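See below for the structure under consideration.
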Amino acid sequence: MRFGIVVFPGSNCDADVAHVVGTVLGQDWRYVWHGDRDLAGLDCVVLPGGFAYGDYLRAGAIARFSPVMDAVAAYGARGGPVLGICNGFQILVEAGLLPGALLRNGSLTFRSTWTDLIVEDNNTPFTRLYRPGQHVRMPIAHGEGRYVLAEQNSVRPVFRYRDNPNGSMEDIAGIANMAGNVVGLMPHPERCAEAALGGVDGRTLFESIVRSVVLT
Amino acid sequence: MIGSPPPLLDLLALSTDEYALIVERLGREPTEVELGMFGSMWSEHCGYKNSRPLLKLFPTSAPWVLQGPGENAGVVDIGDGLAVALKMESHNHPSAVEPFQGAATGVGGIVRDIFTMGARPIAILDALRFGPLDSSRNRHLFHGVVHGISSYGNCIGVPTVGGDIAFASCYNGNPVVNAMAVGVMPHARITRARASGIGSALILVGSDTGRDGIHGASGLASRELSEEREDQRPTVQVGNPFLEKLLIEACLGVLDERAAYVVGLQDLGAAGITSAAVELAARGGVGVEIDVSLVPRRESGMTAYDVMLSESQERMLLVVRAGAEAQAMAFFQKWGLTSAVIGRVTDDGRVRVHDVVQVHCDVPAHLLADAPTYRRTGVRPPHCDRLAAIDLGALPAESDCGAALRALLAHPNIACKRLVYSQYDHSVQTNTLLGPGDGDAAVLRIKGTDRAIALAADCVARYCYLEPYQGGAIAIAEVCRNVASVGARPLAITDCLNFGNPERPEIYYQLEQCIRGMADACRALGVPVVSGNVSLYNETAGQAVYPTPMVGAIGLMTDAENRMGAAFREDRDIIALLGDGEECLGGSLYLEVRQGLTGGRLPALDLEAEARLHRLLHAVAQARILHSCHDVSEGGLGVALAESAILGGRGARVQLQSGAERREVGLFAEGQSRAVVSLAEDDWEALRGLAAREDVACRRIGVVGGDRLIVEGAIDEAIEHLTEIWRNGLGRAAAGIESVA
């Protein structure tokens with residue numbers, strides 16, 4: 001299968017995602033420049049972590065206006081699998097592809113550490129190989145990861161923190177849209193896909209999407 | 001007869017003698033712009049006036065050194081056609097005036113030095129010194145600096161993987177903020193900062209030029225801090241990490257272009273366009289001509305003087321072959337970066353600056369580049385002999401070694417630094433195999449190979465204060481021991497020499513002796529110094545910081561799987577002590593914490609023994625027989641054992657050598673050239689064999705297991721309790737809470 005990895009000015013986990021899908025999983029991939037609108041031939045689109053546009057104003061607030069985002073919205077609306085990791089999650093939320101908002105951490109500081117998570121929902125193409133309720137470990141590295149949602153809206157949590165590091169509502173670490181094909185999470189699965197890096201729980205997420213695409 | 005020197009002189013920190021020298025060499029009085037340029041280039045910060053003759057003492061070559069000192073960074077070969085660039089630099093005075101921006105732009109500057117060489121930045125380390133955290137001013141500096149490093153490093157996507165933090169009252173008001181950056185590149189991409197090709201274009205890329213940072217190099221970085229310097233906040237620059245990230249990608253991209261039209265690359269740091277242009281010309285043996293009217297500006301009304309001396313951040317100067325300008329500028333356009341041709345390379349060796357037609361500077365490049373140097377005569381500070389002569393035997397014996405251990409673990413110099421490193425992204429780029437807190441050095445894999453590099457930064461400045469020569473030697477020995485302890489072979493050193501005012505004979509003595517000690521240690525251990533920086537005038541109100549020669553080391557592992565962490569891993573493992581460096585409490589943190597004494601004679605350092613220990617550690621790493629390895633440093637054997645136990649979450653039972661009358665000597669003496677290791681019983685004979693072959697003492701001292709750290713006859717403490725004290729020591733201090741250990 002072929003992954004598309006969107007590169008915004010200021011993305012900094014683009015190469016890390018490419019390493020996992022390409023070198024670790026042996027899949028095909030290409031970068032998609034934020035100014036392009038062409039997602040043809042892609043089986044999955046990933047918005048990687050980083051500081052798109054420096055996260056100036058607010059994380060993801062400027063990146064949502066990049067030309068590629070119209071194409072990503074259309075791709076997601078057609079049911080194409082879209083994954084937003086960390087800054088990518090923030091951009092998906094700012095762009096309205098996922099509900100809610102990501103605010104400054106409760107601690108008011110950037111936090112870079114391993115976190116323990118619970119898989120809440122394995123009925124998405126990105127989580128199908130996890131067991132429901134499975135405990136997994138992934139690193140986080142963010143300053144604006146406190147998930148909030150207005151009361152009248154509903155959300156589909158996919159991952160929850162076991163030891164909430166940022167003050168997120170209901171310990172939410174990652175969510176999906178109602179259809180399940182658009183998933184965003186603050187932890188970094190691409191940083192724990194090889195044993196040498198201290199854990200392989202993130203690899204399952206990428207294997208899940210590969211399995212999903214191959215099966216469809 | 002020369003006229004009276006202009007009032008500008010004080011702002012520039014040039015002496016009247018130096019002004020006279022400029023007039024003599026030039027054969028006329030300099031223009032205002034020329035004087036500003038001389039002032040910057042001849043500042044201590046850019047010109048190394050006091051340190052250059054001493055820096056020649058360092059060994060700088062080895063078969064694996066591809067670029068020694070003199071460029072933006074040193075470069076070493078790591079095999080497989082790859083090279084690593086490394087450099088360390090200070091941002092002390094900007095951080096004292098404005099800690100957040102001072103530290104942030106320090107990171108930005110050192111990272112630019114790395115990608116200027118053509119290397120992709122893969123790691124940052126920070127070596128920080130502050131006054132004690134019981135002062136709110138010091139807490140403000142500490143939090144501001146950490147936040148500045150965090151916000152800049154995280155944004156550009158370069159992991160901060162290690163460093164060193166310590167506190168002492170000599171840093172009150174004058175913190176030490178040193179940043180080290182490391183990058184990797186194929187040999188073919190090594191790029192140098194020199195101009196060539198008559199008619200080549202000088203293209204300025206990145207941030208528009210503003211009035212920030214004017215006189216940063218001369219007025220701020222090259223003299224003592226005083227109360228009045230508080231009003232120098234405008235000499236501190238403001239960083240834009242997003243722009244830096246774009247510059248990294250654009251510059252590495254343009255160097256990868258097949259056309260190879262980039263002839264040279266230079267970042268703009270201290271003294272801005274002046275220093276970049278002069279260095280490009282002087283290194284290349286050519287001239288340059290710059291029209292300041294072509295420089296994109298942030299504000300109107302800037303003079304030629306402002307433009308030439310601005311230290312606006314995130315700017316690069318490229319030398320591009322004539323005819324390829326449009327191609328290069330189109331590349332930068334893609335990244336949304338402003339670029340402009342601001343001048344040309346000329347054949348007459350002169351630096352010419354004009355504003356459309358008005359000439360502001362016309363000076364041979366070498367005159368600007370060759371700052372005068374000073375060889376001074378040092379005088380040994382009286383405190384060295386006085387403090388070394390203190391009879392430690394006359395001190396009261398330690399009544400409670402457990403309490404002493406707890407006090408040391410809670411001390412901010414030793415306590416867990418998670419409060420700091422949890423604010424740094426240390427896992428981005430997915431190369432960090434051992435990160436902060438995992439081992440004595442960070443270990444990063446080199447993707448596409450089996451190799452890894454080990455990185456550490458360190459300096460016990462207290463030793464340098466007590467005995468500068470030996471302190472300098474220990475700094476090198478210890479940082480190399482750090483990288484050896486994770487299983488790497490030390491390859492090279494980068495340094496940042498932080499000292500007081502060298503015009504004072506006692507400070508000059510410290511500078512010279514530290515350098516001599518470092519140089520001798522480098523020779524004995526076979527590691528060259530490939531890059532570095534000097535920061536002098538670190539004084540406030542006549543009080544100099546401890547001599548602080550911060551050192552960073554890189555080590556190489558041909559197989560990343562050989563790495564060793566510091567945590568005890570298995571119950572029933574044997575604990576062994578490698579090395580038999582002299583156990584003497586002189587200079588120890590224990591004396592300072594428990595006896596209120598900074599003094600005594602330092603333990604001996606046997607450089608041959610140190611080299612043998614490094615060889616042994618490399619051999620055992622390759623044999624993969626150790627489960628943990630942790631060097632003995634501040635806090636001595638007691639703290640080393642406690643740290644391995646805490647990190648592993650398991651206890652240990654240890655017997656000290658019998659005969660020692662004072663338990664605290666065996667526990668807390670900071671004897672050199674030693675490491676605490678753990679391994680399976682089955683591998684003990686193999687370890688003994690290797691130790692015998694390398695002629696390193698190897699003594700079985702205990703066994704891993706249980707939930708207490710027990711040193712027979714001295715310590716019996718629950719690991720859980722020690723962990724709590726160690727984990728929270730820095731946090732308590734940083735919150736202004738007194739230690740409860």
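Bear in mind that the values in this text are calculations on the coordinates, not laboratory data. Only a predicted model underlies this, so the values are computations on that prediction, with no experimental measurement involved. Ideal geometry is used to build each Cβ from the backbone, glycine not excepted, and the neighbour counts take in all protein chains shown.
Annotations
- Residue A:211-residue A:74 FRET efficiency (beta carbon distance; Förster radius 25 Å; 0.05 resolution): 0.50
- When the charge dipole of segment A:2-215 is built from unit charges on Cβ atoms (+1 for Lys and Arg, -1 for Asp and Glu) and taken about the Cα centre, the candidate among A:74, A:8, A:152 whose Cα reaches farthest toward its positive end is A:152.
- Local net charge near residue A:58, Cβ-Cβ under 11 Å (Lys/Arg +1, Asp/Glu -1): -1
- Among beta bridges from DSSP that stay inside segment A:2-215, the antiparallel ones total about 60%.
- Neighbour counts of C-beta atoms inside 10 Å place B:694, B:670, B:634 in the sequence B:694, B:634, B:670, starting with the fewest.
- Whole-angstrom gap from segment B:293-322 to segment A:152-216, using each part's C-alpha centre: 46
- Gyration tensor verdict on chain B (Cα atoms; rounded if a/c is under 1.5, prolate if a/b is larger than b/c, oblate otherwise): prolate
- Axial C-alpha extent at least 20 Å, average Kyte-Doolittle at least -0.5 - helices from chain B (DSSP): B:99-116, B:136-156, B:241-256, B:468-485, B:505-525, B:607-623, B:719-734
- Summed residue charge, Cβ within 12 Å of residue B:72's Cβ, Lys/Arg positive, Asp/Glu negative: 0
- Fraction of beta bridges assigned by DSSP in the protein assembly as shown that are antiparallel (%, nearest 5): 75
- Ordering B:42, A:114 from the fewest to the most neighbouring beta carbons within 10 Å gives A:114, B:42.
- For segment B:39-91 versus segment A:26-89, the spacing of their alpha-carbon centroids is 41 Å.
- B:627, B:614, B:147 arranged by Cβ crowding within 10 Å, fewest neighbours leading: B:147, B:627, B:614
- Extension gain, residue B:52 back to residue B:366 (0.36 nm per residue minus Cα-Cα distance, nm): 111.4 nm
- Three-way shape call for segment B:579-723 based on the alpha-carbon gyration tensor, with the a/c threshold at 1.5: oblate
- Segment A:2-215: C-alpha gyration tensor shape, a/c 1.5 cut-off, then a/b vs b/c: rounded
- Distance violations [Cα-Cα > 25 Å] among B:87/B:334; B:49/B:87; B:56/B:417; B:56/B:87; B:56/B:245: B:87/B:334; B:56/B:417; B:56/B:245
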